[in-house]
Every structure is written in C-alpha cells, then in structure tokens.
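Engineer: This structure is in structure tokens; I'll ask about it shortly.
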Amino acid sequence: MTEMVNLTIDGRKIQAPPGTTVLEAARKEGIFIPTLCYHPALPPEGTCRLCIVEVSGSIRHSVRVSCIQEVKEGLVVETDTERLNHSRRLIIELMLGRSPEAKILQDLARRYGVTQNRFATGENNDCILCGRCVRVCRDEIGAYALCFVNRGPDRRLTTDFERLSEYCIGCGSCANVCPTGAIQVEDRGDQRKIYTWGQVLARFKLERCEHCGTPFAPKRYLELVNKRAYQPKGLELVEYVCPECFKKRDRVPEGRKAGALRQALKWSVPR
Amino acid sequence: MDVAAVEAILEKYPQVRGNLIGILHEVQNHFHYLPEAELRYISKRTGIPITQIYSIVNFYNRFSLTPKGRNEVCVCLGTACHVNGAEKVLNAIEEKLHIKPGETTDDMRYSLEEVRCIGACSLAPAVVINEETYGQVTPRQVGKLLDKYK
C-alpha cells in the first residue's frame with residue numbers, strides 16, 4: 001500500500017494518497033468547494049478560480065487553486081474563510097458580467113451573497129470560458145474540434161476558422177460537460193446540430209437504429225465507438241443499435257460486452 | 001497555395017513541437033499574413049491540430065489572418081509616445097492613407113497598426129515601418145516618410 005499523506009482540511013485530519021489534489025481530498029470528505037471548470041474525468045486546468053483555498057503548514061501561507069494543488073504532508077487547508085469568499089464573490093460577479101442568465105452562476109451568486117452586477121457588459125452569453133468542452137474534445141474524444149480564440153474580453157469558443165467543423169464527430173460530449181448549457185445539441189429528425197452562442201459548430205446526419213428505426217448517432221461517432229470498444233477485442237461493430245434498444249436486449253450478442261458499449265457511449269448519453 | 005515556401009520554412013525546424021510560433025512568424029513574414037490553406041497544410045505536416053494553431057494565431061497580435069500590405073506601418077501608442085503626441089502622428093497617417101489601424105490600403109502598399117511600446121521611449125513619438133524605426137516623428141514628416149516605401 002502506498003504511504004498516505006496526512007493533511008488538515010477545515011480542521012479535520014485527513015489522509016489521502018499522494019498525487020490527489022486538495023479538491024479531490026476535500027470532496028471525498030464531503031467538504032464543499034465550489035467549482036465550475038473542474039470535471040472529475042478531465043485534466044484540471046484551474047481556469048475558473050472558484051476552488052481557491054488558503055493553504056499553510058508545510059508550504060508558505062497563500063491562496064492556491066485546489067483543483068491543481070496536490071496534497072502534501074502537513075498541509076493545513078481552509079476552504080471557507082472570509083478572504084476566500086470575498087474573492088469568490090468577485091469572481092462570480094465578473095462571470096455574471098458576461099453571463100447574467102447562467103443558472104449555475106445565479107445559484108452561486110445566491111449562495112455567496114453576490115447582489116450587484118457591476119461588470120455587466122450587456123452581453124448575455126452563457127459561456128464562461130471554463131474550457132471543459134475544449135478539454136473533453138481534445139483529451140477524451142481526440143477530435144480537437146473546439147478552440148478558444150482571441151484574448152481578454154474578446155475570448156470566445158469556436159471552431160477552426162469559425163466554420164462548421166470538419167473534425168467534430170458529433171458525439172455531443174462538449175454539451176454534456178458544459179456547466180452552463182452554453183453548448184447545445186439539437187436532434188431534429190435525422191439531423192443533429194451542435195451550436196453555441198451565435199455559431200453552429202457542426203451538423204450531422206444521424207444513423208438509424210437497426211431495431212427501432214430511430215435516428216440516434218452520427219456515423220463518425222459510431223466509428224469512434226467501434227475503434228475504442230470493439231477493435232481492441234478483434235471485433236467489429238456490425239449493427240447500429242441505439243442505447244435504448246441495447247438496454248432492452250435480453251442477451252448480449254456473442255463475443256460482446258454490454259459494458260464496452262456503455263463505456264464508449266458514456267459521454268454521449270445525457271446524464 | 002505555395003507548398004515550396006512552407007516546406008522551406010518547415011525544413012528549418014526539424015523539431016516542430018515548441019517551434020510552432022517560430023514557423024508561424026516566418027510564414028507571416030513570407031506571405032505578409034497567414035493564409036488558411038498554408039495553416040491547414042502546416043497542421044497536416046506537423047500533426048498539430050488546426051484548432052490549436054488557430055487559437056495561437058488569434059492570440060498574438062503579430063499574426064494576421066487577413067492579407068497585409070507590403071509595408072507595415074506601426075505607430076507606437078505607449079505611454080511615452082502618447083504624451084509626446086503619437087495620437088497626432090497617427091491621425092496624420094490615417095489621413096494620408098485613408099485607413100484606420102488594423103486596415104490595409106487597397107493597393108496593398110501599406111498596412112497600419114497601432115502598437116503599445118516598442119521600447120524606444122527616448123525616441124518618442126516613434127513609428128516603425130517594416131524593420132526601420134523613426135524617432136521624434138512629427139505629423140508634418142509623415143508624408144515624406146511614407147513616400148519612401150513603395
């Protein structure tokens with residue numbers, strides 16, 4: 001067994017395996033730290049800054065981003081001090097300046113008592129530039145279809161050359177990990193549209209389920225499923241079966257594992 | 001698309017990762033902007049996703065996705081130049097060329113840019129045309145200065 005690291009979070013003595021982040025250790029203990037850009041399945045990027053904590057003990061007393069800060073022997077962490085909440089209020093207010101109607105921000109504003117909106121830009125774009133969509137597309141899916149452009153107040157999410165993406169496979173993971181719903185997937189008939197504020201990112205034709213005939217997934221996405229779930233086992237995805245029909249099946253066809261498909265589909269099935 | 005020119009630049013950088021910005025600088029200098037076809041070609045050749053290249057190109061002011069003129073006129077609007085009347089110099093250039101900062105003349109002869117401090121504060125107000133730096137520029141000199149560049 002690996003040596004555990006001893007640290008203190010909000011006065012509680014905690015043990016965590018080395019390499020875990022302060023945020024993960026705190027969450028495991030049921031300690032609430034607000035986050036927006038953090039997602040358990042994605043590499044942390046520390047962009048939203050809401051998860052700041054005060055650290056002292058074995059390192060210099062300072063404010064750190066807990067989704068990146070790793071646990072350390074003798075670390076003393078405070079997650080809910082006035083200094084932190086003052087910063088959090090400002091961060092939330094800054095984000096509200098661009099995204100006044102994002103529900104998750106409004107909830108945070110209520111929780112932390114943000115009553116003003118001094119930085120209102122007149123914009124109403126739910127995208128808070130957390131980068132979850134960019135990361136899931138890049139690191140989990142490997143499509144590299146999304147990117148941020150420009151800097152400062154002009155920063156925004158788009159595709160290469162701001163046209164319909166050639167690289168998008170239509171999985172919809174970006175919409176699923178988006179904390180504010182700024183990216184939407186719209187399926188109408190056999191057409192899928194992935195869009196964000198003022199821009200359609202990609203369009204797809206959906207393949208029909210061979211059992212129920214419902215259009216359910218774009219071809220390029222099914223190709224990825226095939227590559228990830230079946231080919232390593234020397235198999236080919238020969239049928240297109242939608243998740244609903246797949247669940248209803250009384251037995252899994254010869255040589256296939258239900259878990260493999262679910263694993264491969266985990267991002268596109270809305271949760 | 002000018003494959004030969006891009007290839008010649010890529011050849012100088014056997015190790016692509018970490019050198020993308022250097023490559024983009026050379027492409028920018030060669031074409032006076034970064035054409036889409038060339039960027040897509042670089043992406044294919046280097047394996048760097050086009051979205052990442054596009055992101056970088058958009059991040060830095062030096063890179064342009066629209067064609068620039070043969071001569072790049074940069075007016076410094078840093079603090080020292082600003083207090084020494086850079087605004088008036090810029091206005092004189094705008095009037096002479098009939099373009100605003102960020103634009104290019106129709107004959108592709110000049111592009112106008114405003115920059116923030118080029119580190120030549122002792123020469124304020126300073127104007128850089130291509131690689132040449134001019135100090136203590138007055139609005140009246142502007143015409144003569146620009147005429148030198150064909």
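Quick note: the coordinates plus some simple rules give every number you see, no bench work behind them. This one's a predicted model, so the numbers in the text were calculated from it and none came from an experiment. All Cβ positions, glycine included, derive from the backbone under ideal geometry; neighbour counts span all protein chains shown.
Engineer: Just tell me which lysines come within less than 21 Å, Cα to Cα, of B:Lys88; anything on the same chain fewer than 8 places away is out.
Structural biologist: B:Lys96, B:Lys100, B:Lys144, B:Lys148
Engineer: Roughly how tilted is helix B:20-31, in degrees to the nearest 10 and between 0 and 90, from the longest Cα axis of chain B?
Structural biologist: 60 degrees
Engineer: Taking the dipole about the Cα centre of the protein assembly as shown, with the C-beta of Lys and Arg at +1 and of Asp and Glu at -1, give me whichever of A:Ala182, A:Cys245, A:Ile14 is farthest to the positive side.
Structural biologist: After comparing all options, I get A:Cys245.
Engineer: Also: What ranking do A:His61, B:His82 get, fewest neighbouring Cβ atoms within 10 angstrom at the top?
Structural biologist: Values: A:His61 9, B:His82 15.
Fewest-to-most Cβ neighbours within 10 Å comes out as A:His61, B:His82.
Engineer: Oh, and also: Defining a contact as two alpha carbons under 8 Å apart and six or more residues distant in sequence, what relative contact order in percent does segment B:71-147 show?
Structural biologist: Numbers: 132 pairs, mean separation 31.2, N = 77.
About 40 percent, as a whole number.
Engineer: What order do you get for A:Phe246, A:Phe119, A:Phe148 when you list them from fewest to most C-beta neighbours inside 10 Å? Could the numbers behind the result be given before it?
Structural biologist: Details: A:Phe246 16, A:Phe119 13, A:Phe148 19.
Lowest count first: A:Phe119, A:Phe246, A:Phe148.
Engineer: What FRET efficiency would be calculated for the residue pair B:Asn19, B:Tyr60, taking the C-beta separation as r and a Förster radius of 22 Å, to the nearest 0.05? Could you put the intermediate results ahead of the total?
Structural biologist: Working: r = 15 Å, r/R0 = 0.67.
FRET efficiency, B:Asn19 to B:Tyr60: 0.90.
Engineer: Relative to a virtual label point 7 Å from the Cα of A:Arg83 in the Cα→beta-carbon direction, which members of segment A:3-18 show backbone nitrogen distances below 17 Å?
Structural biologist: Answer for segment A:3-18: A:8-11.
Engineer: Taking only the alpha-carbon atoms of segment B:3-59, what semi-axes of the equivalent ellipsoid follow from 5 times the gyration tensor eigenvalues under a square root, in whole Å, largest first? Can you show the working numbers first?
Structural biologist: Numbers: eigenvalues 41, 35, 23 Å².
Sorted largest first and rounded, they come to 14, 13, 11 Å.
Engineer: Can you give the relative contact order of segment A:122-259 as a percent, counting alpha carbon pairs under 8 Å and 6+ residues apart?
Structural biologist: So the answer I get is 17 percent.
Engineer: Karplus couplings for segment B:86-93 from phi (6.51 cos²θ - 1.76 cosθ + 1.60, θ = phi - 60°), rounded to Hz, Gly and Pro as x?
Structural biologist: 4, 4, 5, 5, 4, 4, 4, 5
Engineer: Next question, about the same structure. Kindly put A:Ser62, A:Ser87, B:Ser111 in sequence by how many other C-beta atoms sit within 10 Å of each C-beta, fewest to most.
Structural biologist: Numbers: A:Ser62 10, A:Ser87 15, B:Ser111 24.
So the ranking, lowest neighbour count to highest, is A:Ser62, A:Ser87, B:Ser111.
Engineer: Can you pull out the GluC sites (Glu not before Pro) in segment B:73-150 whose DSSP state is coil and whose Cβ has at most 13 other Cβ atoms within 10 Å? It would help to have the intermediate numbers written out before the result.
Structural biologist: Values: sites: B:Glu87, B:Glu94, B:Glu95, B:Glu103, B:Glu113, B:Glu114, B:Glu131, B:Glu132; in loops: B:Glu103, B:Glu131.
Filter output for segment B:73-150: B:Glu131.
Engineer: Express the relative contact order of chain B as a whole percentage, based on alpha carbon pairs under 8 Å and six or more residues apart in sequence. Write down the numbers at each step before the final one.
Structural biologist: Working: 204 pairs, mean separation 30.4, N = 150.
Contact order relative to length: 20 percent.
Engineer: Let me ask something additional. Select from A:Gly152, A:Ala109, A:Gln69 the residue farthest towards the positive end of the dipole of chain A; place +1 on Cβ of Lys and Arg, -1 on Cβ of Asp and Glu, and compute about the Cα centre.
Structural biologist: The one lying farthest along the dipole's positive direction is A:Ala109.
Engineer: Taking amide hydrogens as modeled 1.01 Å from N in the peptide plane, which residues meet the under 5 Å criterion relative to A:Leu206, leaving out close sequence neighbours?
Structural biologist: A:Gln191, A:Arg192
Engineer: For the protein assembly as shown, count all C-alpha to C-alpha pairs, find those more than 43 Å apart, and express that count as a whole percent of the total.
Structural biologist: Values: 27017 of 88410 pairs.
Of the Cα pairs, 31 percent sit more than 43 Å apart.
Engineer: Here's something else I'd like to know. Scan around B:Ile129 for amide H atoms under 5 Å from its own, H built in the peptide plane at 1.01 Å from N, and keep only partners 5 or more places away or cross-chain.
Structural biologist: When sequence neighbours closer than 5 places are left aside, the close amide H contacts are B:Cys74, B:Tyr134.
Engineer: Name the residues whose placed amide hydrogens come within less than 5 Å of the amide hydrogen of B:Asn71, ignoring near sequence neighbours (fewer than 5 apart) on the same chain.
Structural biologist: Counting only residues 5 or more places away or on other chains, the set is B:Tyr110, B:Ser111.
Engineer: Using only the alpha-carbon atoms, how far is helix A:103-112 inclined from the longest principal axis of chain A? Give it as 0 to 90 degrees, nearest 10.
Structural biologist: 20 degrees
Engineer: Using the Karplus curve 6.51 cos²θ - 1.76 cosθ + 1.60 with θ = phi - 60°, what ³J(HN,Hα) values do you get for each residue of segment A:116-127, in whole Hz, with x for Gly and Pro?
Structural biologist: Taking θ as phi minus 60°, the curve returns 9, 9, 6, 10, 3, 9, x, 7, 9, 10, 5, 5 Hz for segment A:116-127.
Engineer: While we're on this one: Could you tell me how many degrees, from 0 to 90 and to the nearest 10, lie between the Cα long axis of helix A:82-98 and the main elongation axis, the longest principal axis, of the Cα atoms of chain A?
Structural biologist: 40 degrees
Engineer: Taking segment B:6-129, how much of its Cα-Cα pair set, in percent, is spaced more than 19 angstrom apart? Walk me through the numbers on the way to the answer.
Structural biologist: Working: 4133 of 7626 pairs.
I get 54 percent for the Cα pairs in segment B:6-129 exceeding 19 Å.
Engineer: Right, next: Can you tell me the length gained on complete extension of the stretch A:Glu101 to A:Arg188, counting 0.36 nm per residue apart and subtracting the Cα distance?
Structural biologist: Full extension of this stretch gives 28.7 nm more.
Engineer: About its Cα centre, how strong a charge dipole does chain A have in debye, to the nearest 20, once Lys and Arg get +1 and Asp and Glu get -1 at the Cβ? Intermediate values should be presented prior to the final figure.
Structural biologist: Working: 43 positive and 33 negative charges, 60 e Å.
I would put it at about 280 debye.
Engineer: Using Cα springs under 10 Å in a Gaussian network model of chain B, which residue among B:Arg62, B:Arg17, B:Arg116 shows the largest mean-square fluctuation?
Structural biologist: B:Arg17
Engineer: In whole Hz and in residue order, list the ³J(HN,Hα) couplings for segment A:20-34 that follow from phi through the Karplus curve 6.51 cos²θ - 1.76 cosθ + 1.60, θ = phi - 60°; x for Gly and Pro.
Structural biologist: 6, 8, 4, 4, 4, 4, 5, 4, 4, 8, x, 8, 7, 10, x
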